[in-house]
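Written below as structure tokens is the structure these notes are about.
The values are calculated or read from the model by the stated rules, or taken from the named source; none is laboratory data. Given the structure is predicted, the values throughout are model-derived calculations rather than measurements. In this analysis, Cβ positions are derived from the backbone assuming ideal geometry, glycine residues included, and neighbour counts consider all displayed protein chains. Note: areas computed on protein heavy atoms with side chains; ligands, DNA, RNA excluded. Shrake-Rupley method; radii C 1.70, N 1.55, O 1.52, S 1.80 Å.
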Protein chains: 2
Amino acid sequence: MEMIKRFYMGAMDRLLHPNLKDVSLAAALHALADPLRLEMIQRLSETDCLSSGAACPNDTPKSTISNHFAVLRAAGLVETTADGRERRNRLRRADFDARFPGLLDTVLANRS
Amino acid sequence: MEMIKRFYMGAMDRLLHPNLKDVSLAAALHALADPLRLEMIQRLSETDCLSSGAACPNDTPKSTISNHFAVLRAAGLVETTADGRERRNRLRRADFDARFPGLLDTVLANRS
DNA sequence: ATCTATAGTTCAATGGTTCCGAACTATGGA
DNA sequence: TCCATAGTTCGGAACCATTGAACTATAGAT
């Protein structure tokens, strides 16, 4: 009878936010190179914070949302904090812009 | 004894160049989201045309080069023509800039 | 013409990544 | 305590990327 304690949420490495200096251009572009993630980023850019569910179309599977947010966090694009049973996701605009000047604006502007 | 005629090179669909209006932003970003392809694009941006081999570091496997060029062509970033036994690759700068204004410049500027 | 070297493509195998249902944790409220 | 809701984790299937080996094509030399 083994005792495996699993820590979810705040303690998980998926919730860790990298220093932007450790994010490569290729990794940043990879995070942006997906239609759903672009949609999420667009929505996040329009309000100052959104729950994970609210950042995606209604029919998006939960596990898919969770994975996409992990990618966005790893690229330094999104900061996620726990707030009750929801997550509070916000764009790390200043950090990302300082590391990749003009990139986010150009990408958002090019999303027809 | 079957006769399979294979057409290489000029006739192959990998050598086809899309109209930029059919290239999505996500596809363009995907093509840019790779360190080797960024290097290739950088090199292509510095001269007006390069053979496939000359666009990559010396130790890059031939098949890898070939695949990466196929991705760049599919994204409308590169135009390839046959020239003897070499390929003549050039950036489709004007086409790409018209479709995604500022994107290529911003990406190249952010490549430290 | 035939041979040889070179540039690139294609194929196939392997390994990695992504998607998503199912099972789970965590929190808030009846 | 029970239930509903928000999100995470796991595992398998589908998809994608990498690269050696076999191939095509062309240029140049003999």
Residue that is surrounded by the fewest Cβ atoms within 10 Å (Cβ to Cβ) [pool: residues in the range A:60-74 that are touching a residue at least 12 places away in the same chain (Cβ under 8 Å) and within 17 Å of A:Leu16 (Cβ to Cβ)]: A:Ser66
The range B:75-94, subset outside any strand (DSSP E or B) and open to solvent by less than 70 Å² (accessible area, probe 1.4 Å), residue farthest from B:Cys49 (Cα to Cα): B:Ala75
Hey, B:Asp105 buried (at least 17 other Cβ atoms within 10 Å of the Cβ) and away from DNA strand D (no atom under 16 Å from the Cβ) or not: no
Filter result (within 14 Å of chain B (Cβ to nearest Cβ) and either in contact with a strand residue (DSSP E or B) (Cβ under 8 Å, 6 or more places away or on another chain) or under 12 Å from A:Leu91 (Cα atoms) (or both)) within the range A:39-74: A:Met40, A:Ile41, A:Gln42, A:Leu72
Residues satisfying the stated conditions in the range A:28-46, i.e. closer than 16 Å to B:Leu104 by Cα and open to solvent by 40 Å² or more (accessible area, probe 1.4 Å): A:His30
Selected residue [over 23 Å from A:Ser24 (Cβ atoms) and either within 13 Å of DNA strand C (Cβ to nearest atom) or in contact (Cβ under 8 Å) with a residue 60 or more places away in the chain (or both)] from A:Glu39, A:Glu46: A:Glu39
One residue from B:Gly102, B:Gly76, B:Gly53, B:Gly84 being within 13 Å of DNA strand C (Cβ to nearest atom), on the phi > 0 side of the Ramachandran plot and small (Gly, Ala, Ser): B:Gly84
Tally of residues being of a type in the set (Lys, Arg) and within 11 Å of the chain's Cα centre (by Cα) across the range B:36-51: 1
So A:Asp83, is it over 13 Å from A:Leu32 (Cα atoms) and more than 9 Å from DNA strand D (Cβ to nearest atom): no
Where B:Ile41 falls short, out of the listed (1) in a helix (DSSP H, G or I); (2) within 9 Å of DNA strand D (Cβ to nearest atom); (3) among the β-branched types (Val, Ile, Thr): (2)
Cβ pairs under 6 Å, 6+ apart, first in the range A:82-108 and among the hydroxyl-bearing types (Ser, Thr, Tyr), second open to solvent by less than 70 Å² (accessible area, probe 1.4 Å): A:Thr106/B:Gly102; A:Thr106/B:Leu103; A:Thr106/B:Thr106
Residues of the range A:1-27 classified as loosely packed, with under 12 Cβ neighbours inside 10 Å, modelled with pLDDT of 95 or more and either within 12 Å of DNA strand C (Cβ to nearest atom) or not in a helix (DSSP H, G or I) (or both), total: 1
